[in-house]
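Step one of this worksheet: look at the structure below.
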Amino acid sequence: MDTGAIASRHAEAFAAASDRHRRPSRAEAEAAVRTLIEWAGDNPDREGLSGTPERVARAYEEFFAGYDEDPVALLSTTFEETAAYDEIIVLRDIRIESYCEHHLVPILGKAHIGYLPAGRVVGISKLARVVEAFAKRMQIQEALTSQIADAIQETLKPQGVGVYIEAAHQCMTTRGIRKPGVSMVTSRMLGSFRDDPTTRREFLTMIASSRNAPYES
Ligand SMILES: [Zn+2]
């Protein structure tokens, strides 16, 4: 399947999703926040909370901005053909701010991405935007990791790609079992990153100094 077909397939999926679920109005979203405030035990009419439903709705627009982006289309239109470069390209320490789909609380961490090009390369800011487009949604870390790797594989068609994410889940650190300091590591390796131990080792060595380093959470 060529990149245009992939992009239109994704666009269709987005359109189908929005057909199935009528998007509530901003006023309905704000009313829902008001209900949650009351349910939590506070008075949404007191001075400090009076603007909160509106602010929360605006914050949600930022937290979930990824639903308005099509990462595959983004990569499909921006790669450059270059036969000259045939070493691994690694982008380290990409900040992850995502939201756990079970509790809607932050997943904070960092991603490292590597790929071994087969003629196509893309600007590093575009890779960071792909991460952001998938992260700014309701997610689980495993799916986020796979979606980033698969989008790069489908569009750039490199010899291989590796995505490594290390993140803390606030649903684990601030509620439930309350285990601060615990982070979750996920990775997805495709092509030569999966099949060739040398390539895989090179990638892991290149990101080693960043792995396990402390990050803000
Ligand atoms: Zn959770």
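A few points about this structure:
- To the nearest ten degrees, helix 124-135 and the longest principal axis of the Cα atoms of the chain are 40 degrees apart.
- By DSSP, the beta bridges lying fully in the range 96-217 are antiparallel in about 90 percent of cases.
- Under Karplus coefficients 6.51, -1.76 and 1.60, residue-wise ³J(HN,Hα) of the range 98-110 in Hz, glycine/proline x: 10, 9, 5, 6, 8, 10, 6, 10, x, 10, 10, x, 8
- Per-residue [θ]222 nm for the chain (sum of -39500 (n - 2.57) over DSSP H runs n ≥ 4, rounded to 500): -13500 deg cm²/dmol
- Against the chain, whose longest principal axis is taken from its Cα atoms, helix 197-206 shows a tilt of about 50°.
- Here the ratio of the Cα radius of gyration of the range 79-206 to 2.2 N^0.38 Å is 1.10.
- Sequence of Glu142, Glu30, Glu62 once ranked by neighbouring C-beta atoms within 10 Å, starting from the fewest: Glu62, Glu142, Glu30
- Classification of the chain by its C-alpha gyration tensor yields an oblate form. The axis ratio a/c (a ≥ b ≥ c) is 1.5 or more, and b/c is at least a/b.
- Using alpha-carbon coordinates, inclination of helix 26-40 to the longest axis of the chain, degrees: 70 degrees
- Pairs of Lys residues in the chain, spaced 8 or more positions apart or belonging to different chains, with C-alpha separations under 18 angstrom: 4 in total.
- Working value for the range 40-147: equivalent-ellipsoid semi-axes of 37, 14, 10 Å, each the square root of 5 times a Cα gyration tensor eigenvalue, largest first.
- Rounded to 5, the percent of DSSP beta bridges in the range 39-148 classed as antiparallel: 85 percent
Values in this text are rule-based calculations from the coordinates and carry no lab data. Treat the numbers as computed from the prediction; the structure is a model and nothing was measured. For neighbour counting, all protein chains shown are included, and Cβ atoms are generated from backbone atoms with ideal geometry for every residue, glycine included.
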